[in-house]
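Participant: Sharing a structure here in structure tokens format.
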Number of protein chains: 2
Amino acid sequence: MAGLAGRALDAALSKAGARVAAADERLTDSRRRVLELLLKAGGPVKAYDLIAAYGQGGAKPPTVYRALEFLERLGFAHRLESLNAYVACPRSGEVHAAAFLICECCGATVEIEPGVADRVERAAGAHGYSLRGLTLEARGLCPACRTGDGH
Amino acid sequence: MAGLAGRALDAALSKAGARVAAADERLTDSRRRVLELLLKAGGPVKAYDLIAAYGQGGAKPPTVYRALEFLERLGFAHRLESLNAYVACPRSGEVHAAAFLICECCGATVEIEPGVADRVERAAGAHGYSLRGLTLEARGLCPACRTGDGH
DNA sequence: CTTTCCCTGTTACGGTATAACATCCTGAGG
DNA sequence: CCTCAGGATGTTATACCGTAACAGGGAAAG
């Protein structure tokens, strides 16, 4: 799943720590641990898998959900609504609208930048709405699964 | 919530019946009942609210979830992933990619046609993905809630 | 008539998420 | 040093969302 490990993981975590500090927030143990698990996975992870993998016999649900909420708020992670899963954000620490391609066959996901925010913004304006967040999840088949190399 | 009632509701239901028949499917009692509840609500409804409102002491979850699955498959309803809720589709019976504006304050939703499918398709193609379905949900404030008239 | 296929009913369960409250740090100000 | 306010965490319990698995029923085709 292209997850991080070793030096790259450490680098990503310390970079995250710096960004969190710059935002006058704290990267506490539980937040750091959850981010680490998301980065290691390199793909979507279910909340209860994080809970189980947390260590020392696991964590309680609120611990992990609070960490996820924090990571989302600061732009280190996204929630995939259509999968009930969470994923580390490749553009960690920069708040932005996320868009995903999700393979219906193997679950592989890619975060993309389709540049649709402006069009949605216009459509919202036409209905008098002001926009504050965007969820865009496209389901399909990844290259491997299209050709049968999948899984 | 702009829900349907009386003649308009009857008309919508019989139109749905015709479309279902044209698709060589059956609009059974439970399917018709769930569609009726969605149309009456005129907005997003939670599955368990449908279960409670179903009548005769309510229905069992599988009954309602099966009906919802059917209605989605035929394009009569959509699931709002970010709300865990379901909504009747204004373009009932025509399968299409849905996009929604959702008010974070009062929950009002509008189905829009932002015309982004082509852009997402291109972005998917660039990553080798073939597209089969699209979820687009924009959160913001509706006109009433922006001006404080909300609720 | 009977076979087939789809739809439904029912029980039970598993996965997802949060409420509510107690506790504990940590940093600012006295 | 003290203490006090605010955020973060720990803990228990519970509510909500969705589905598996299997039995039964009913209409249409042969």
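The values are calculated or read from the model by the stated rules, or taken from the named source; none is laboratory data. Just so you know, these numbers come straight off a predicted model, no measurement behind them. Every residue, glycine as well, gets a Cβ built from its backbone with ideal geometry; the counts of neighbours run over all protein chains shown. Accessible surface areas use protein heavy atoms only, side chains included; no ligands, DNA or RNA. Shrake-Rupley method; radii C 1.70, N 1.55, O 1.52, S 1.80 Å.
Participant: Test each condition in (1) modelled with pLDDT under 95; (2) of a type outside the set (Phe, Trp, Tyr); (3) within 16 Å of DNA strand D (Cβ to nearest atom); (4) surrounded by 13 or more Cβ atoms within 10 Å (Cβ to Cβ) for residue B:37 and report the one that comes out false.
Facilitator: Failing condition for residue B:37: (1).
Participant: Kindly indicate whether residue B:102 is within 14 Å of chain A (Cβ to nearest Cβ), more than 16 Å from DNA strand C (Cβ to nearest atom), open to solvent by less than 20 Å² (accessible area, probe 1.4 Å) and not polar (S, T, N, Q).
Facilitator: So residue B:102 does not fit the description; no.
Participant: For the range A:47-90, give me each residue that is crowded, with 17+ Cβ neighbours inside 10 Å, away from DNA strand C (no atom under 12 Å from the Cβ) and not hydrophobic (A, V, I, L, M, F, W, C).
Facilitator: A:54, A:75, A:78
Participant: Just to be sure, is residue A:44 open to solvent by 50 Å² or more (accessible area, probe 1.4 Å) and at pLDDT 95 or above? Lay out the reasoning, then the answer.
Facilitator: Values: open to solvent by 50 Å² or more (accessible area, probe 1.4 Å): no; at pLDDT 95 or above: yes.
The answer is no for residue A:44.
Participant: Moving to a separate point now. Of all residues in the range B:122-149, which are in a loop (DSSP other than H, G, I, E, B) and either within 7 Å of chain A (Cβ to nearest Cβ) or surrounded by 15 or more Cβ atoms within 10 Å (Cβ to Cβ) (or both)?
Facilitator: B:127, B:128, B:129, B:142
Participant: Hey, any hits in the range B:22-33 for a residue that's of a type in the set (S, T, N, Q), away from DNA strand C (no atom under 15 Å from the Cβ) and touching a residue at least 12 places away in the same chain (Cβ under 8 Å)?
Facilitator: no
Participant: Given (1) more than 7 Å from chain B (Cβ to nearest Cβ); (2) farther than 15 Å from residue A:34 by Cα; (3) part of a helix (DSSP H, G or I); (4) open to solvent by 30 Å² or more (accessible area, probe 1.4 Å), identify the lone condition not met by residue A:119.
Facilitator: (1) is the only condition that residue A:119 fails.
Participant: Now a separate question. Show the residue pairs that are 6+ apart or on different chains and have beta-carbon atoms under 7 Å apart, the first residue being within the range B:104-127 and outside the structural domain of residue B:81 (by TED's automatic domain parsing), the second being charged (D, E, K, R) and surrounded by 14 or more Cβ atoms within 10 Å (Cβ to Cβ).
Facilitator: B:104/B:139; B:114/A:119; B:115/A:119; B:116/A:119
Participant: Is there any pair linking a residue in the range B:48-72 that is within 14 Å of chain A (Cβ to nearest Cβ) to one that is open to solvent by 50 Å² or more (accessible area, probe 1.4 Å) and more than 9 Å from DNA strand C (Cβ to nearest atom), with Cβ under 7 Å and at least six apart or on different chains, and which?
Facilitator: Matching pairs, first to second residue: B:72/B:79.
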